[in-house]
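Where a number appears in this text, it was derived from the coordinates with a stated rule and is not lab data. None of the values given here were measured: they were computed from a predicted structure. Because the Cβ atoms are built from the backbone with ideal geometry, glycine has one as well, and the counts that use them run over all protein chains shown.
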Amino acid sequence: MKKILLFSLCLFCCVSARSWALLENIDQARDNGFFKKLFSHQSIYACIDVQAFDYDKNKPKAYRGKEVFSYKTDAEQVVSTSYERWFSALRNTIVKQERLGEFRDVLAVVPSQVPFEFVSYDLTKEECSTQTRSRVDLRVRATLYDERSFYSTDSNGEKTRAAYSFYFQPDFLGLPHTSVKGQNGTHYTSLYISMHEAGHTLGLADLYEGERKEKFHPLYSTAQYRPFLKTKSIMNGKPSIQCDDVDGFLNAMDVQIPEKMGARRTEGWVSFCPNSKVAYAYGIPFEITPEERTAYFAWVTTKTAIEEKNAKHKKKEPVPSSPLEGKVAEVKAKLAQYKKAQAAAAQKRAAAKAEEEQRTQEAIAQEELRRQIASAKYQATPKVPDICPVCGKPLTSGGKTPVKYSTKDKTKSIYVHRECAPQPVTVPWLNNLMSTVDEKFVFRGPIAYIE
């Protein structure tokens with residue numbers, strides 16, 4: 001986990017530090033089967049490896065024996081609870097702020113409980129990492145440390161599978177517990193650590209000191225231009241999910257499962273954070289005034305009343321335009337421009353890839369041509385028997401060394417074991433040998449292959 005130092009003067013410098021960011025590769029994650037599956041009410045298949053840390057060898061080692069079953073069960077509870085906390089935070093925020101009418105589309109798809117099914121495997125072998133993608137949606141590696149522990153965690157994902165590692169240690173009750181000593185000396189449990197890492201699988205980026213803004217998505221992020229070091233976000237090491245996290249999570253839904261979202265996604269909505277001067281549309285943040293925020297909530301009340309009356313009396317009374325309509329139009333244009341630039345970049349990458357593939361094919365063709373030329377030369381070159389004409393034994397076996405001897409004018413040559421020729425070789429001996437042996441042992445020219 002990296003630490004962040006980023007500028008603090010920004011577009012929203014007048015607002016208290018509140019930020020969130022989606023991962024820079026969230027566009028490529030649009031086909032993320034794990035994220036979509038979370039909202040499809042299908043079972044999520046997960047696999048967990050539990051390791052201990054071997055201080056003698058300074059590296060993790062897999063648990064063996066009965067103790068691993070207990071730790072694995074605890075880890076399974078931690079993982080499943082982590083995702084339930086995210087969904088509960090989203091639901092509870094909507095309910096507590098009395099915004100059910102705005103987010104009917106969200107509440108319709110958010111599961112009340114994530115149906116995790118943990119894959120069984122031989123715990124005496126490291127088999128979790130070998131599970132096929134078709135069988136496992138999520139992989140977790142938990143490493144346990146003792147009181148000398150250091151803390152580290154990483155997160156990564158693939159197109160069809162999310163994966164993360166979280167490390168924890170047994171507490172006094174023998175249950176999973178991670179001790180993270182931050183600047184204020186606080187300690188976080190493995191549940192909080194797992195909730196943070198689960199946030200990555202949902203598409204949220206780290207907000208730690210040391211992060212680079214290049215790791216944030218250029219559109220789906222407020223951390224690009226707002227101070228975030230003091231953000232009270234679980235993605236910034238705080239021990240609970242905050243309104244910033246809920247904002248980011250909901251925008252991640254708007255980006256990754258737009259087909260399940262309603263008109264709210266394109267009409268715009270304001271942040272869950274109190275007194276925030278930020279609103280969103282298409283997953284993209286934009287600045288609003290306090291007056292626009294107030295006008296938005298008044299518009300929502302009017303819109304809800306008209307929609308309920310229309311549904312009750314089967315009328316079609318028009319709904320007034322949103323006070324955010326003008327800024328949403330700007331956001332839509334910004335998104336179109338971004339997609340156009342992305343398409344151009346993708347086309348450029350495709351062209352570069354095609355050129356590289358063409359160069360590769362040309363190189364393969366050149367190599368094949370060289371091979372054919374070499375083969376043709378070999379076929380046209382004289383061949384001599386793999387027999388020493390002096391001793392009658394194989395030239396290339398038997399522990400002796402085959403040597404080529406040529407006449408002084410280089411017009412004729414012969415292969416003979418070095419051990420079968422006089423040392424030094426004399427011209428009379430060589431001429432006599434060539435004139436008395438079978439002609440198949442003598443070849444003309446500088447090169448010949450031994451068959």
- Computed label-point distance, nm, for sites residue 335 and residue 431 using a 7 Å Cα→Cβ extension: 9.7
- Message: Give me the one-decimal nm value for the distance between modelled label points at residue 305 and residue 344, 7 Å along each residue's Cα-to-Cβ direction.
- Response: 4.8
- Computed ³J(HN,Hα) along the stretch 427-436: with the Karplus parameters 6.51/-1.76/1.60, θ = phi - 60°, integer Hz and x for glycine or proline, the list is 5, x, 4, 5, 5, 5, 4, 5, 7, 9
- Shape call for the stretch 230-288, from the Cα gyration tensor axes a ≥ b ≥ c (a/c under 1.5 means rounded, otherwise prolate when a/b beats b/c, else oblate), comes out oblate
- Item | Listed peptides 372-380, 390-398, 242-250, 76-84 by packing density, highest first (mean Cβ within 10 Å) | 242-250, 76-84, 390-398, 372-380
- For residue 447, put the label point 7 Å out on the Cα→Cβ axis and report which residues of the stretch 386-426 keep their amide N under 18 Å from it. 404-406, 410-415
- Cα gyration tensor shape of the stretch 383-450, rounded if a/c is under 1.5, else prolate or oblate by comparing a/b with b/c: oblate
- Cα-Cα over 19 Å: which of 96/260; 37/260; 37/339; 215/348; 412/440; 303/334? 96/260; 37/339; 215/348; 303/334
